[in-house]
Structures are given as C-alpha cells and as structure tokens.
Amino acid sequence: MTTHLISVHVHAPEEQLTTNLTPPAKCLREGGTVAFPTETVYGLGADATSISAVQKIYKAKGRPSDNPLIVHIASLDMLEEIAISISDLAHELMHALWPGPITFVLHKHPSISSQVTGGLETIAVRMPSHPIALKLIALSGRPIAAPSANLSGKPSPTQSKDVIDDLWGRVDWIVEGGDAEVGLESTVLDVTGSVPMILRPGKVTQEEIIKIAGACEIDPAIMGASIDTSGIAKSPGMKYRHYAPEAEVHVYIGSNTEIVKTFFDLTQKQLEMGVKKVGIMAFEEDVCVLNQLFRSANFNFDQIEVRACGPSGDLVMYGKNLFNLLRGFDALNCDVIFVRGVDEYGIGHAIMNRLKKAADGKVTRI
Ligand code: TXA
Ligand code: MG
C-alpha cells in the first residue's frame with residue numbers, strides 16, 4: 001500500500017498545523033491509518049469508533065487482537081462518547097495530569113466495540129500534550145485508537161525514522177514531528193476501583209499520583225522479573241514479550257565501579273567465546289572509563305559499541321534515550337547487549353519495567 005509522508009514542526013503556527021494535518025485527519029475520518037508523534041512515543045492511529053479501521057491497526061503492527069488499544073482524545077467533550085461512570089477521583093486526576101503522558105482505564109461506553117478493548121469492559125483513554133497529536137485528533141473529530149507505532153515485539157518508536165523502518169508500506173500516512181520528549185510509553189492507571197492502580201509505569205510516577213489521590217498502588221504483576229504468558233493479565237499488554245531488540249539483553253544493577261568491572265569482564269569473556277559484537281549501555285561517566293580500559297587492553301573497537309544512556313543523575317534522560325539505544329544496537333548488529341539497570345524508584349520503575357522485558361527477565365544485582 002502507498003504510504004504518504006508529511007513533516008510538521010512541533011511549534012508550527014496554528015494555521016500551518018491545520019493545513020498540514022488536514023489530509024491525514026481526513027484519512028482518519030475515512031477509516032485509514034495514520035502514524036503520528038506524541039510526547040511519549042509515536043502512535044499508530046485509527047478511528048476508535050470503526051471496527052474495520054481498528055482492525056487495520058492490528059494488521060499493520062502484526063499485533064494479537066486480544067491486546068487492547070489506548071484511545072486518544074483532544075478534549076474532555078470526547079470522553080463522554082467512550083467512557084461511563086467516571087469517578088470524582090478520576091476526574092480530579094485527569095484535571096491535574098491531562099494533557100500528558102498518562103492513560104486512565106475507565107468503564108467502557110457500550111457504543112465502543114470490544115475489538116478496541118480486547119474484549120474488556122474497560123477502556124484505556126489518554127489526552128496527549130503533543131501539539132501535533134492534539135491538532136490531528138481534533139481535526140479528525142474522532143476518538144483515535146493508537147498503540148505505539150512499532151511492529152509488534154520491537155521497541156517503541158521515539159523518532160520518525162523508527163516508524164518509517166517498521167511501518168512504511170503498511171499504513172496510509174506517517175506524520176513526522178521530531179523526537180519524542182519522554183521516550184517511554186504513558187503510565188497506565190486503572191481508576192475503576194477505590195484506589196488507583198498503576199498497570200504500566202511511565203513518566204508520571206506513583207509518588208506524583210499519591211500527591212493528588214492520597215493513595216496509589218502498583219499492580220504486583222508488573223513487579224515480577226519474568227513475563228507471565230499464562231492466565232489473564234490485568235493489562236493484557238503485559239503478557240507479551242515487548243520492547244525487545246534482536247540481540248540478547250542482560251541488565252546489571254550495582255555501583256559505578258562494580259558495573260565498569262563487570263561489563264569489562266563480561267565483554268572480554270564474550271569476545272573470547274567468539275561472539276562478534278558486544279553492545280554496552282552505561283552512564284556517561286562509566287562509558288569514558290570503559291573506553292579507556294578497552295583501549296589499554298587493546299580490544300578491537302569494531303567489536304564493541306559503548307553507548308551512554310545519559311549522566312547517572314538524570315534518569316529522565318535515560319528514559320528518553322532507552323528505546324532509541326536499543327534500536328541502535330540492533331542496527332549495529334550486536335549479538336549481546338549489557339545494560340545498566342537502575343533502582344526502582346520514581347521514573348526508575350518505568351525504565352526497569354521496559355528493561356526487564358527487553359532482557360526477558362535477565363536482571364542481575366551485582
Ligand atoms: O504512550 C502511550 O501510551 C502510547 C502513545 C502512542 O500514546 N501508546 C501505547 O499504546 O503505548 P500500546 O497499545 O502500545 O500500549 C497500550 C497498553 C497495553 O499494555 C495494554 O494492555 C494497556 O495499555 N491497555 C489498553 N487498554 C486497557 C484496558 N482496558 N485495561 C487495562 N490495560 C489496558
Ligand atoms: Mg506498544
């Protein structure tokens with residue numbers, strides 16, 4: 001199929017946004033598929049009220065259709081068409097945190113097809129803050145179902161080139177709009193019970209939600225290291241191996257000194273065993289030390305790719321770089337990747353959640 005591409009500047013004036021986004025918005029209204037930027041990751045959108053449009057998303061991504069989609073809205077008016085029985089607490093959280101990188105799980109409106117919600121009676125809804133996403137949705141006049149715009153099983157796309165790599169020829173439109181600010185998918189928060197429950201950690205943290213709601217739990221299922229492929233997960237997306245680069249990923253948590261020593265020894269061992277290329281993702285400070293060590297030990301730099309996820313004090317930067325680095329290691333044909341893990345606090349929850357999945361649970365505390 002023919003894919004149309006358009007580049008739009010995030011800070012383009014209002015009229016220009018409207019002119020540029022009118023054709024893809026029309027395509028959404030007519031039941032087509034449009035990939036677009038959001039502040040978290042790029043999304044692949046289709047009209048959430050059309051079963052045939054939604055089916056096109058599953059087809060383009062190669063995604064199992066029991067994995068429900070997030071429905072994106074541009075204003076609170078749109079909420080009434082898709083969700084019912086919204087609690088006061090949910091309203092309070094929405095007012096405080098929308099538009100932004102958080103998705104609320106609510107009771108589904110009967111008019112929304114269970115195709116969108118993977119058979120569930122609940123629906124996940126997000127109002128993104130990205131000006132292009134908001135304008136596109138508003139112009140289409142429809143609630144837009146949009147999972148991350150990657151092929152199923154690949155890391156989520158944080159740049160338009162990732163979307164082009166994965167979905168060119170599989171979707172009607174790709175709207176380019178720069179790099180995603182957050183780089184990790186939204187926090188998914190179930191607000192159908194009396195205490196809000198995080199089903200997927202993201203940029204909006206448990207601590208922030210507690211400040212507004214007084215309490216917030218994290219679904220115990222997402223705290224475990226391994227991936228549960230049996231039974232019914234609360235957030236069905238959690239049971240699939242996600243965010244996975246093609247290389248084998250091993251995550252290590254420890255002090256900077258321990259990490260440097262471990263990554264050096266592991267790399268040496270892998271190369272001795274005949275592995276062709278080793279990738280390393282570490283904090284900026286450790287990258288410098290590791291490169292020096294490899295140089296003094298006369299390692300062949302064609303066989304090692306050492307990349308910085310950011311400085312140790314900046315986990316927001318780590319979150320922003322994570323998926324991009326994982327995709328980069330694949331493009332460089334790394335066979336094994338050693339990754340610096342972090343403590344599960346604040347945004348560290350979200351980073352470790354994605355890393356555990358990329359590593360298929362291979363996480364070691366040194
Ligand atoms: O940041 C994001 O959320 C991005 C951008 C494009 O908005 N979207 C995204 O969508 O990450 P997706 O489809 O890749 O992830 C949706 C997650 C899955 O883990 C899914 O299981 C969960 O939300 N989800 C969707 N509907 C749900 C529901 N009714 N109850 C519980 N979890 C739900
Ligand atoms: Mg996804």
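The values are calculated or read from the model by the stated rules, or taken from the named source; none is laboratory data. Here the structure is a predicted model, which means the values were calculated and not measured. All Cβ positions, glycine included, derive from the backbone under ideal geometry; neighbour counts span all protein chains shown. Calculation scope for accessible area: heavy atoms of the full protein, side chains included, ligands and nucleic acids excluded. Shrake-Rupley method; radii C 1.70, N 1.55, O 1.52, S 1.80 Å.
So here's what we get for this one:
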quantity	calculated
In degrees, nearest ten, helix 14-29 long axis to first principal axis of the chain (Cα)	80
Between the stretch 23-95 and the stretch 189-208, the Cα center-to-center distance that results, in Å	20
Relative contact order (%) - criterion: Cα under 8 Å, at least six apart; region: the stretch 1-60	21
Summed residue charge, Cβ within 11 Å of Asn353's Cβ, Lys/Arg positive, Asp/Glu negative	+1
Cβ charges +1 (Lys, Arg) and -1 (Asp, Glu), total dipole of the chain, debye	780
Electrostatic dipole magnitude of the stretch 300-366 [Cβ: Lys, Arg +1; Asp, Glu -1; Cα centre; debye, to 20]	220
Net +/- balance of residues flanking Ile86 in space, Cβ distance below 11 Å, scoring K and R +1, D and E -1	-3
The chain, accessible surface, carbon-and-sulfur percent (1.4 angstrom probe)	52
Computed over the chain, Cα set: Rg, Dmax in Å	20.8, 66
Kirkwood-based Rg to Rh ratio, the stretch 15-113, C-alpha trace	0.97
Beta bridges per DSSP with both ends in the chain, % antiparallel, nearest 5	35
Listed residues Ile347, Ile137, Ile86, most fluctuating in the chain (Gaussian network, C-alpha, under 10 Å)	Ile86
Positive minus negative residues near Glu207 (Lys, Arg vs Asp, Glu; Cβ under 14 Å)	-2
Equivalent ellipsoid, the stretch 1-40 (semi-axes from 5 times Cα gyration tensor eigenvalues, Å)	19, 12, 10
Residue-normalised accessible area of the chain, given per residue in Å² at a 1.4 Å probe	41
Highest to lowest packing among 349-361, 15-27, 109-121, 180-192, scored as the average C-beta count within 10 Å	180-192, 349-361, 15-27, 109-121
